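The values are calculated or read from the model by the stated rules, or taken from the named source; none is laboratory data. Remember, it's a predicted structure, so these values are computed and weren't measured experimentally. FYI the Cβ positions are ideal-geometry reconstructions off the backbone, even for glycines, and counts take in every protein chain you see.
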């Protein structure tokens, strides 16, 4: 059972993402604050992180940067969920070390598809 | 055509030289003509006086000495002749016209004894000889030269008039003098011309030196040395010009400073606007995501079964959330297009097939809901276009949205993509054909205008703000492509989007040839990258 960690400052979004993922059989952890999320991520790295970019205090970009600096968080697959649909924003996030990018508003089906794909890729890498 | 450059100094010098030469030539002409006249009159006056004075003396000499004293007569005549340089011939003629004595050169002929006296035939001359007054006239000699003839009658104490003196005078001496003065004038003129050249060049140089200083100042400003000024102290128009120029430079510097400040402010504003757009899009999109996600879960029964009625309601909600999402994205895109005049920064190779398939996936639930058939025909080989994927996606999203929106239940939306040349350039032509209400021909040209809608009431009926097609046109034109539409009312509309292959240089031509990729695509259409 893959464990997905959802980080978003919007409780409704967290709720939605958790509902979608749980209904598809994933184990879900959530956090609405960047700092505490980072601490929890590093303490116990999940199989995948769903990360919102625009958050108060510690935003998604910063969180991603700090996560990648730590050995424990360096290889965790990260799927960025953001309202920024600009191509530059996407590229910037990917350069910072995100593995994929999904724009709001997205359909649950698309989200699940991307999550599965990322997990498969990461699994294949671990086995190789 | 290039025009030869003429120095200002040369031009001014030419003007000065021209003025001086004209005045010199004129004064020389006046001098020669008037002098000529005056010198001749002077000669004529002295000739008349001389003839009147010697007439009686010469007649008396002839009377006293006669042929017996010929030697003495010759001497006396020679003495009389020396009194006037211009005399050519002296004759004593009696009133009947018989010549008594003729002195010509050193030769003195006394007619009478043995030598037949010649007679004067000219009636004019005869009348003058028989008259009592001294007369003079210009005559032409046998050799064609001008001469001055004076007739001075010798009238004795008791009114006795037997002889007259006929003196013929030549202009030769006078003309010789005039000729020499003419040569002198020419010499003076030549020297004058040389002087004029020197003086005019010097004078013109004095005037143009300031102009050169001013020109150098202008060049410095042109080179960007804006702090430099021109200093001219000529107290004339050129100084005023220099002052005006300095003032202009000051204002230029001030304006540039103002523009820089204004530009900085604009940049700040632009950044603020960009931030605002990002925030607004975040604020609008997050709730939309929540709505969309839950509606989809509900529709698919992920949250437990609900009644048929509720499912229909949820479908309506989904459709409207979809529309709202499109509108929000449209606004964001439009604000971004307004902000970036250059779209080159975000270009990369895109696969049109993946983009089209992705969009169609987005539309599938809505088309199923609306009962619209959908056909996609894409030429099997894929093309790699240099484009901004996000914007190209927006183009087809908007066109498909329109097509679906205006196609009634049971209608068909057809998407065709194939390689096609347009205006001698290679590219891809995408056709989006609907079986909708169609667009009247008069409206067809205006549909790409911003905020334009065929029928204002259609806003309520079909939604949208009339931004979609203007955005399509902006994006396609930024990619140096073309977009146009054909339509028949009641049958449907077809929108054509043509995008060129290859690299879009500044000149719109392809650099390095078309980048056509022929292998099959792997169908992956998400922005997945390996970290």
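Restricted to the stretch B:292-339, and to residues there that are exposed (fewer than 13 other Cβ atoms within 10 Å of the Cβ) and outside any helix (DSSP H, G or I), the residue that is modelled with the highest pLDDT is B:307. For the stretch B:112-123, the candidate set comprises residues that are modelled with pLDDT of 85 or more and surrounded by 13 or more Cβ atoms within 10 Å (Cβ to Cβ); within that set, the residue that is farthest from residue B:65 (Cα to Cα) is B:120. A Cβ distance below 6 Å, combined with a sequence gap of six or more or placement on separate chains, defines the contacts here; from the stretch B:291-318, residues that are within 14 Å of chain A (Cβ to nearest Cβ) reach residues that are in a loop (DSSP other than H, G, I, E, B) in the pairs B:292/A:105; B:296/A:107; B:297/B:303.
In the stretch B:270-283, the count of residues that are within 14 Å of chain A (Cβ to nearest Cβ), exposed (fewer than 11 other Cβ atoms within 10 Å of the Cβ) and part of a helix (DSSP H, G or I) is one or more.
Okay, residues lined up against (1) surrounded by 15 or more Cβ atoms within 10 Å (Cβ to Cβ); (2) touching a helix residue (DSSP H, G or I) at 6+ places or on another chain (Cβ under 6 Å); (3) not in a strand (DSSP E or B):
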residue	(1), (2), (3)
B:51	yes, no, yes
B:64	no, no, yes
B:77	yes, no, yes
B:103	yes, yes, no
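Of the residues B:150, B:154, B:93, B:108, the single one that is at pLDDT below 90 and touching a strand residue (DSSP E or B) at 6+ places or on another chain (Cβ under 6 Å) is B:154. The single condition from (1) more than 51 Å from the chain's Cα centre (by Cα); (2) at pLDDT below 80 that residue B:456 fails is (1).
Against the criterion of being without any contact (Cβ under 8 Å) to a residue 24 or more places away in the chain and assigned to a strand (DSSP E or B), residue B:137 qualifies. Of the residues making up the stretch A:38-59, those that are out of contact with any helix residue (DSSP H, G or I) (no Cβ under 7 Å at 6 or more places or on another chain) and in contact (Cβ under 8 Å) with a residue 12 or more places away in the chain number 5.
Going by the structure shown, is residue B:443 within 57 Å of the chain's Cα centre (by Cα), under 19 Å from residue B:473 (Cα atoms) and within 14 Å of chain A (Cβ to nearest Cβ)? The answer is no for residue B:443.
Pairs meeting the criteria (first residue in the stretch B:23-44 and under 11 Å from residue B:171 (Cβ atoms), second residue in a helix (DSSP H, G or I) and at pLDDT below 85, beta carbons under 6 Å, at least 6 apart or on different chains) are B:36/B:178. Are any of the residues in the stretch B:110-120 assigned to a strand (DSSP E or B) and touching a helix residue (DSSP H, G or I) at 6+ places or on another chain (Cβ under 9 Å)? Checking the stretch B:110-120: at least one residue is assigned to a strand (DSSP E or B) and touching a helix residue (DSSP H, G or I) at 6+ places or on another chain (Cβ under 9 Å). The number of residues in the stretch A:114-128 being out of contact with any helix residue (DSSP H, G or I) (no Cβ under 8 Å at 6 or more places or on another chain) and more than 8 Å from chain B (Cβ to nearest Cβ) comes to 10.
Looking at the stretch B:142-150, can you tell me whether even one residue there is without any contact (Cβ under 8 Å) to a residue 40 or more places away in the chain and not in a loop (DSSP other than H, G, I, E, B)? Yes: the stretch B:142-150 contains one or more residues that are without any contact (Cβ under 8 Å) to a residue 40 or more places away in the chain and not in a loop (DSSP other than H, G, I, E, B).
Scanning the stretch A:52-111 for residues that are over 13 Å from the mean Cα position of the chain (by Cα), within 27 Å of residue B:391 (Cα to Cα) and more than 10 Å from chain B (Cβ to nearest Cβ) turns up A:55, A:92. Across the stretch B:405-429, the number of residues qualifying as surrounded by fewer than 18 Cβ atoms within 10 Å (Cβ to Cβ), within 57 Å of the chain's Cα centre (by Cα) and not in a strand (DSSP E or B) comes to 2. Taking the condition out of contact with any strand residue (DSSP E or B) (no Cβ under 7 Å at 6 or more places or on another chain), outside the structural domain of residue B:21 (by TED's automatic domain parsing) and either surrounded by 17 or more Cβ atoms within 10 Å (Cβ to Cβ) or under 30 Å from residue B:105 (Cα atoms) (or both), does residue B:142 pass? No; evaluated as a whole, the condition is false for this residue.
Taken together, the criteria place residue B:128 among residues that are under 30 Å from residue B:175 (Cα atoms) and crowded, with 19+ Cβ neighbours inside 10 Å.
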